[in-house]
Amino acid sequence: MGEGAVGPGLEAAFFDLDKTVIARSSTVAFSRPLHAGGLLTRSAMLRSAYAHFIYHASGADHTQMEHMRDLVSRMVIGWEVQQVSDIVATTLAELIAPIVYEEATALIAEHKAAGRDVVIVSASGIELVEPIGALLGVDHVVATRMVIDEGRYTGAIEYYAYGANKAAAIRELAAERGYRLERCYAYSDSITDLPMLEAVGHPVVVNPDKGLRREAMTRDWPVQDFVRPVSLRPRFPAQKTGTAALGTAAAGAAAGLVWYASRRKESGREATRVRRAPSRPES
């Protein structure tokens, strides 16, 4: 990732990943190749198919996310990093490149043209977020990292990019790179990202779950619905990403299987108000 310019008054746009930049869960997407590689059982793979449907119908709360973290920590213990890295490296272009939202790519380009840094901040594993970030030309990524010992996952999470941790990471980046947060933007679909949205002066809600849509209406935040996936496969790099980075995909995929399959469908969606980000924020 590029380091970007550093200086007083520099602005940034922070993007969540799943359902904000890409049209499906980046973690659930890898259930089939992980099953083919012998890491997931058939029943777990079938649960992921159902989970993907639920994922598009409802949102996650704090309790579900914490439950997901605990379960995935146990599930990946002993998984070989090299095996998982090979699976991800050979399937990432096929599974992720075709499902990036056209609206998100246009918005990223708009922010870049306005001179802002673009940062992806995601609870997904660093092995997924970094290649996607490189594909999109973003300046920095923040993502979950798992602990590896002698080539295998220990089950421990080194850093969990979730909830208040996202907001803390944004503030750290702002301190390091001179961002004025009151002039920065943040985009997310989930109520669990409320701290991230509150950390900036220009929060924008994208494809929101029910809880976040309510918050947006109460706070008069702009709401955008992204609906047009566009394939970026021709731009996807052919080379593999580093083993240590790619390995954490196991954690993300397992998390999706456990978490999304347990969620309930919520019906109905309130009306949305769509506004585009201005070329530059007002001083």
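The values are calculated or read from the model by the stated rules, or taken from the named source; none is laboratory data. For clarity, every value in this text was computed on a predicted model and none was experimentally measured. With ideal geometry, Cβ positions are generated from the backbone for all residues, glycine too; neighbour counts draw on all protein chains shown.
Summed over the range 181-198, residues that are under 20 Å from ASP117 (Cβ atoms), in contact with a strand residue (DSSP E or B) (Cβ under 7 Å, 6 or more places away or on another chain) and not aromatic (Phe, Trp, Tyr) total 5. The range 94-213 holds helices (runs of 4 or more DSSP H) entirely within its bounds, and those carrying 2 or more residues that are in contact with a Phe, Trp or Tyr (Cβ under 7 Å, 6 or more places away or on another chain) and over 26 Å from SER231 (Cβ atoms) map to 164-177. PRO203 falls short of the stated requirement of being at pLDDT 95 or above and surrounded by fewer than 21 Cβ atoms within 10 Å (Cβ to Cβ). Does any residue of the range 237-260 turn out to be at pLDDT 50 or above and part of a helix (DSSP H, G or I)? Among the residues of the range 237-260, not one is at pLDDT 50 or above and part of a helix (DSSP H, G or I), which makes the answer no.
Comparison of GLU103, GLU172, GLU130, GLU150 shows that the only residue that is in contact with a helix residue (DSSP H, G or I) (Cβ under 6 Å, 6 or more places away or on another chain) and among the acidic types (Asp, Glu) is GLU130.
Yes/no per residue for (1) of a type outside the set (Lys, Arg); (2) at pLDDT 90 or above; (3) more than 16 Å from CYS184 (Cβ to Cβ):
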site: ALA109; (1), (2), (3): yes, yes, yes
site: VAL119; (1), (2), (3): yes, yes, no
site: ALA134; (1), (2), (3): yes, no, yes
site: THR144; (1), (2), (3): yes, no, yes
site: ALA161; (1), (2), (3): yes, yes, yes
site: ALA164; (1), (2), (3): yes, yes, yes
site: ARG171; (1), (2), (3): no, yes, no
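State yes or no: is THR105 of a type in the set (S, T, N, Q) and modelled with pLDDT under 90? Against the criterion (of a type in the set (S, T, N, Q) and modelled with pLDDT under 90), THR105 does not qualify. Please find, within the range 112-167, the residue that is surrounded by the most Cβ atoms within 10 Å (Cβ to Cβ) out of those that are under 25 Å from LEU10 (Cα atoms) and of a type in the set (Lys, Arg). Ranking the candidates gives LYS166 first. Does GLU110 meet the test of being at negative phi and without any contact (Cβ under 8 Å) to a residue 24 or more places away in the chain? Taking the combined requirement at face value, the residue does not satisfy it. Selection over the range 145-184 of residues that are touching a Gly at 6+ places or on another chain (Cβ under 6 Å) and free of Cβ contacts under 8 Å to residues at least 60 places away in the same chain gives a count of 1.
Return a yes/no flag: does the range 168-184 have any residue that is buried (at least 18 other Cβ atoms within 10 Å of the Cβ) and under 19 Å from LYS19 (Cα atoms). Within the range 168-184 (the criterion being buried (at least 18 other Cβ atoms within 10 Å of the Cβ) and under 19 Å from LYS19 (Cα atoms)), the answer is no, since none of the residues qualifies.
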